[in-house]
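I have placed the structure first, in the form of structure tokens, so that the comments after it can refer back to it.
The values are calculated or read from the model by the stated rules, or taken from the named source; none is laboratory data. Just so it is clear, the structure is predicted and the values come from calculations on it, not from any experiment. We place every Cβ from the backbone using ideal geometry, glycine too, and count neighbours over all the protein chains shown. Areas reflect the complete protein model, heavy atoms only, side chains present, ligands, DNA and RNA absent. Shrake-Rupley method; radii C 1.70, N 1.55, O 1.52, S 1.80 Å.
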Number of protein chains: 2
Amino acid sequence: MAEFTTLEHENLNSVVYGALCDALMQGRFQPGDRLKIRALAEQFGTSVTPIRDAILRLANDEAITFRSPRDIRIPEMSETRYREIRAIRIRLEGLAAETAAQVATSADIQALEDILRENERAIEVGDRLKGTQLNQAFHFMLPQIAALPVLNTILRRLWLQMGPHISDAYIEGGRAMIDHHYPVIEALKRHDPAAASMAIVDDILLGGKPILERIERGQEREARRA
Amino acid sequence: MAEFTTLEHENLNSVVYGALCDALMQGRFQPGDRLKIRALAEQFGTSVTPIRDAILRLANDEAITFRSPRDIRIPEMSETRYREIRAIRIRLEGLAAETAAQVATSADIQALEDILRENERAIEVGDRLKGTQLNQAFHFMLPQIAALPVLNTILRRLWLQMGPHISDAYIEGGRAMIDHHYPVIEALKRHDPAAASMAIVDDILLGGKPILERIERGQEREARRA
DNA sequence: ATAAGATACTTGATGCATCTTTTTTGATTT
DNA sequence: AAATCAAAAAAGATGCATCAAGTATCTTAT
């Protein structure tokens, strides 16, 4: 008798949600962009229902907001809010790195090195999309190695909010984006939680500097307009 | 199984979401309870649409899960998962307490003392519902004092998941539930971030012990059945 | 009496019509 | 040219009909 793997059927709303999440994390939406349910339904080739479902979930994630009852937009981010997200990331990714350093297998470290090597190559070639994706993949790999799924979910949600504010400078900064990933891997190899934590904190603070600068510039622009 | 009164307009899905969140955080749902969209629609006196919207959001929060395509339930919690949530809370509420200690005004401290005094009274009188609500209010007040809305949102989501697992022992434990709130307030008065953080960590670890024990008992029960 | 197959029922997903309110637009006035 | 206001269009919210898939119940052949 032939064997089959149990297949799971995904809902349309989940597919749409996933696609919009990808778009957000890849920076394919800009702050202030407006989303229209009917327009998206046409693009996705579905009725409005699954789109509404996805939009509602995204709104629940605070990745998009209802500026007014009929005006769905990618939100701006205040500098204060970005700093808060950064502070939270430092605590959470610090915990992930510490835990990962304690339990990482050589296969885990291999996986991280593979991502980093690919990331290096993507940056050389100038493939921005792949560059951001692999950078994120590195960050998400730590909670995965540490077996912290709840933390991973929180982190993804934060990235959903940061995605539209990833600046070109961040990507154009090239290797600065991933410089701090090397000491993370070294710390994991030595099973040194404190060093792993410090390295990832450096990455968040220093590597993410161009993002903060973009947000600061955005705020100045807002201020001048008012 | 929780009951609901019929409600009036505002934004139906948000109202339903809010009501279900309250019910979850008050422990009015038990792990394994099944939710039915049509039944809830009848209870709330709405069509199924706003209920679906709210359910989808809750599922996105991982506060409820689709056990199978048409089977919506309050999820069980593994001990591992609870410990992860606790570790995350320690980091995040620690950050909130530290920040709050630095910026707390006398009005903030007054508010905390008011909550604590009311909580004390609720426990004396044996009002369990009010007891849990005020305990949560205390915890949510710290990120509010610290002006950390993102952290507050994350915390609320975690509590949505913990709600159904709050044990009677936790509530019957009486003052043990809030014993550690006093040193938190003392630390805030002295503007001592380290002490505030330590006090809230003690509360999470020691005060929450009955919850962990209930989950452990639940797991043993599961194991015996298998 | 048992088990496989058929049938009825339940339930969330999807699509769509309609409602209310907002947003847009364009004519008109200042 | 700018501001104002009314009509038209747009857009999300809500309700509901229908669909497909899962669950339970009943039937029937062995």
Handout entry: the range A:169-221, residues that are aliphatic (A, V, I, L, M) and in a loop (DSSP other than H, G, I, E, B)
Key = A:ILE178
Completion exercise
Selection from the range B:38-74 of residues among the hydrophobic types (A, V, I, L, M, F, W, C), touching a residue at least 12 places away in the same chain (Cβ under 8 Å) and more than 23 Å from A:GLY18 (Cβ to Cβ) yields B:LEU40, B:PHE44, B:ILE51, B:ILE74
Handout entry: Among (1) assigned by TED's automatic domain parsing to the domain that holds A:LEU160; (2) touching a residue at least 40 places away in the same chain (Cβ under 8 Å); (3) not aliphatic (A, V, I, L, M) - the single one A:GLY32 does not satisfy
Key = (1)
Problem - Candidate set: the range A:47-73, residues that are more than 15 Å from DNA strand C (Cβ to nearest atom) and not in a helix (DSSP H, G or I); chosen: the one most open to solvent (accessible area, probe 1.4 Å) - result: A:GLU62
Problem - Residue selected from the range B:74-89 under the condition more than 9 Å from every other protein chain (Cβ to nearest Cβ), surrounded by fewer than 21 Cβ atoms within 10 Å (Cβ to Cβ) and not in a loop (DSSP other than H, G, I, E, B), by the criterion farthest from DNA strand D (Cβ to nearest atom) - result: B:ARG86
Problem - Selection status of B:ARG175, open to solvent by 20 Å² or more (accessible area, probe 1.4 Å), within 17 Å of B:GLU84 (Cα to Cα) and either basic (Lys, Arg) or more than 16 Å from the chain's Cα centre (by Cα) (or both) - result: no
Problem - Restricting the range B:10-19 to residues that are open to solvent by 20 Å² or more (accessible area, probe 1.4 Å) and in a helix (DSSP H, G or I), the residue that is nearest to the other protein chains (Cβ to nearest Cβ) - result: B:TYR17
Handout entry: Filter result (in a helix (DSSP H, G or I), more than 9 Å from DNA strand C (Cβ to nearest atom), more than 14 Å from chain B (Cβ to nearest Cβ) and open to solvent by less than 40 Å² (accessible area, probe 1.4 Å)) within the range A:20-46
Key = A:ALA23, A:LEU24, A:MET25, A:LEU40
